[in-house]
Amino acid sequence: MNDRTMSAESSSHSRTGGMRYHVLLTVLGLIMTLPFVWMVLTGLKPLSEVASEYWLPTEFQWGNFKEVFSVIPFFQYYWNSLLVASWVTFLQVVTSAMAAYAFSRLQWPGRDKVFLLYLSTLMLPGLVVVITNYQIMIHLGLVDTFIGLILPSAFSAFGTFLLRQFMLTIPTSLDEAAEIDGASKWRIFLDVILPLSRPGIIALTIFTFVGNYQSFFWPLVMMRHAEKYTLPIGLLFFDSEVGQSTHLLMAAVTMSVLPMIILFVFLQKFLVSGIQLGGVKG
């Protein structure tokens, strides 16, 4: 009887602790959404109410979103961001997957030392890399071009590390079985490793696309003509073209982040699984 009582009390405490944990996470989640809610509501206010202490507007100004397109070339900036982010994501996933395969599945002299050297580039200050890349783009004549904006980001030590860690969790017996069947290293990579690495590839795709979609400093350094600005740069020059129109700026920012939120909602399962499995084996 005592054992049953102790078991019931333990189960009750466990449920209570779990409930408190979920309540805490819910409250923290709601707090984290407050800046986004403020941004959306500010985008629906008239300019005279932007500095008001009340979050809700007296009248919702849905026309603010339409007015954004008449004030700045929003679609052009949006297309430029999608173009750059898509190409960088494609190239970075391809190069990272091939490098990760070489560092995780192929045996060659000095492999681990080369990997550590490649990984050490993550410790370089970002400003040093920007200066070096900019000098290279000047010599290649690629300043103020989309190719110059995309090319330096086509390779990623972080992406290689993420996919390498994920590929290390795949049993090597699959490689051996494929080799017995006569498959080449290239065929094993395409038909065995890549399909099994899908969660890691999707996680890297999300990270890369979002990071380059909202990239600010490198496009600011590279681009000279307004028609080639990406969305973050276009929003930077928003105030200078229309004055202090914070309500329009918030409306534009809201439209710019919605695709990223939708992307996370639909692909969060793959993102979480990719990160978890990628950190299992070193």
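If you go through segment 169-195 and keep only what is within 29 Å of the chain's Cα centre (by Cα), among the hydrophobic types (A, V, I, L, M, F, W, C) and at pLDDT 90 or above, you end up with 186, 188, 189, 190, 192, 193, 194. Every listed requirement among (1) surrounded by fewer than 15 Cβ atoms within 10 Å (Cβ to Cβ); (2) over 24 Å from the mean Cα position of the chain (by Cα) is met by residue 137 save one, (1). Apart from one condition, residue 51 fits all of (1) assigned by TED's automatic domain parsing to the domain that holds residue 193; (2) out of contact with any Lys or Arg (no Cβ under 9 Å at 6 or more places or on another chain); (3) not in a helix (DSSP H, G or I); the exception is (1). Can you find a residue in segment 165-178 that is buried (at least 16 other Cβ atoms within 10 Å of the Cβ) and acidic (Asp, Glu)? Yes, that holds for at least one residue. Selection of helices (runs of 4 or more DSSP H) fully inside segment 150-269 by the criterion of at least 3 residues being among the acidic types (Asp, Glu) and out of contact with any Ser or Thr (no Cβ under 9 Å at 6 or more places or on another chain) returns 172-180.
For the structure I just gave you, tell me whether residue 88 is in a helix (DSSP H, G or I) and in the same structural domain as residue 255 (by TED's automatic domain parsing). Yes; evaluated as a whole, the condition is true for this residue. Considering (1) outside the structural domain of residue 233 (by TED's automatic domain parsing); (2) free of Cβ contacts under 8 Å to residues at least 40 places away in the same chain; (3) in a helix (DSSP H, G or I); (4) hydrophobic (A, V, I, L, M, F, W, C), the lone condition that residue 75 does not fulfil carries the number (1).
Answer yes or no as to whether residue 144 is among the acidic types (Asp, Glu), surrounded by 17 or more Cβ atoms within 10 Å (Cβ to Cβ) and either assigned to a helix (DSSP H, G or I) or at pLDDT 90 or above (or both). Answer is no for this residue. Counting just the residues of segment 186-205 that are in contact with a Leu (Cβ under 8 Å, 6 or more places away or on another chain) and surrounded by fewer than 19 Cβ atoms within 10 Å (Cβ to Cβ), which one comes out nearest to residue 143 (Cα to Cα)? The extreme case among them is 202. Among residues of segment 190-202 that are in the same structural domain as residue 177 (by TED's automatic domain parsing) and among the small types (Gly, Ala, Ser), those with a Cβ under 6 angstrom from a residue that is modelled with pLDDT under 90 and surrounded by 15 or more Cβ atoms within 10 Å (Cβ to Cβ), sequence gap 6+ or separate chain, pair up as 197/166; 200/166; 200/274; 200/278. Figure legend. Inter-residue proximity from segment 244-267: first residues within 22 Å of residue 85 (Cβ to Cβ), second residues modelled with pLDDT under 80 and assigned to a helix (DSSP H, G or I), beta-carbon distance below 6 Å, spacing 6+ or different chains. Indicated pairs: 249/238.
The values are calculated or read from the model by the stated rules, or taken from the named source; none is laboratory data. Everything numeric here is computed off the predicted structure, so don't read it as measured data. Please note: Cβ atoms are built from the backbone with ideal geometry, for glycine as well, and neighbour counts cover all protein chains shown.
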